[in-house]
Amino acid sequence: MNFSACSGRGCRCWPRKIWCAGRLIIVFALGGALTSCETAPLHTSIFQRDFKPDNVFVYPPKLSLDFQRVAVLPLAATSNRGDLADGCDALTPVLWEQLVKSKRFEVVAVAADKLRSRTGRSAWTGNEVLPPDFLTFLRREYGCDGVLFAELTTFNAYAPLAVGWRFKLVDARTGQIIWAADELFDAARPTIASAACHFEKRQESAGLATEDGWVVLNSPRRFGRYAAAAVLDTLPDR
């Protein structure tokens, strides 16, 4: 960025100098949202509300009364890249924590070894052609009303952090997709960094976080927790 027009002795326009200085202040204010939660509340109050995932399908908007238990498949990744495998290991407990906190339904884990022995695979994303009796098998084994397919699409463990989630919630009795979401949370985006900081501050106020708020932008597990909570908040209401 070139500010030479305002920096030399020959500059004849003081308002232009003030305007350029204002540009510098705005640039530094926006950059601060990526590195510290201290500037996030001011940034948010001026520019936007908390980020809300919008690449979501929901139908119907409320879960039926007889939709009570969901079998959650092991967290899957379409690639064998090491970063995604590490991300699945790191974020599986985080995902479970947020699923329980959502209080939309009872959750039961589908064992990877049982899934492999029955289907030949230990994880499914929901995008493949499923075995003909896949849902019937899960209903019989786990007494579930629904099945949740969970996929980790992106995992960057170094700043700027990034986590991508893809979910499908299927009615195990009809095969109908009730809810689907596909979102990438990139901490390089000021709106997402700000929302993550606000989420962490709410955790602190509830006694659930002890570190400074900025840690959420440097801890893959903390950032993944925010990302999971943000997506699961779009689940159909109970």
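This table checks each residue for (1) among the hydrophobic types (A, V, I, L, M, F, W, C); (2) over 23 Å from D89 (Cβ atoms).
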site	(1), (2)
A111	yes, no
L115	yes, no
N127	no, no
D133	no, yes
T136	no, yes
R140	no, yes
G143	no, yes
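Restricting to segment 97-107, give me the number of residues that are exposed (fewer than 14 other Cβ atoms within 10 Å of the Cβ), touching a residue at least 24 places away in the same chain (Cβ under 8 Å) and among the hydrophobic types (A, V, I, L, M, F, W, C).
0
If we keep just the residues of segment 63-96 that are among the aliphatic types (A, V, I, L, M) and loosely packed, with under 15 Cβ neighbours inside 10 Å, which is farthest from P220 (Cα to Cα)? Step through it out loud before you land on a result.
Taking segment 63-96 as the starting set, the residues that turn out to be among the aliphatic types (A, V, I, L, M) are 63, 65, 70-73, 75-77, 84-85, 90-91, 94-95.
From what's left, loosely packed, with under 15 Cβ neighbours inside 10 Å: 65, 85.
Working: L65: 36, A85: 14 Å.
Of everything passing the filter in segment 63-96, L65 is farthest from P220 (Cα to Cα).
Give the residue, chosen from T210, T136, T234, T154, that is surrounded by fewer than 16 Cβ atoms within 10 Å (Cβ to Cβ), modelled with pLDDT of 95 or more and either β-branched (V, I, T) or in a loop (DSSP other than H, G, I, E, B) (or both).
Of the residues listed, the single one that is surrounded by fewer than 16 Cβ atoms within 10 Å (Cβ to Cβ), modelled with pLDDT of 95 or more and either β-branched (V, I, T) or in a loop (DSSP other than H, G, I, E, B) (or both) is T136.
Report whether or not F199 is at pLDDT below 95, in a helix (DSSP H, G or I) and within 20 Å of V94 (Cβ to Cβ).
yes
The values are calculated or read from the model by the stated rules, or taken from the named source; none is laboratory data. What you are looking at is a predicted structure, and each value in this text was computed from that prediction instead of being measured. Methodologically, a virtual Cβ is constructed for each residue, glycine included, from the backbone with ideal geometry; neighbour enumeration extends over all protein chains shown.
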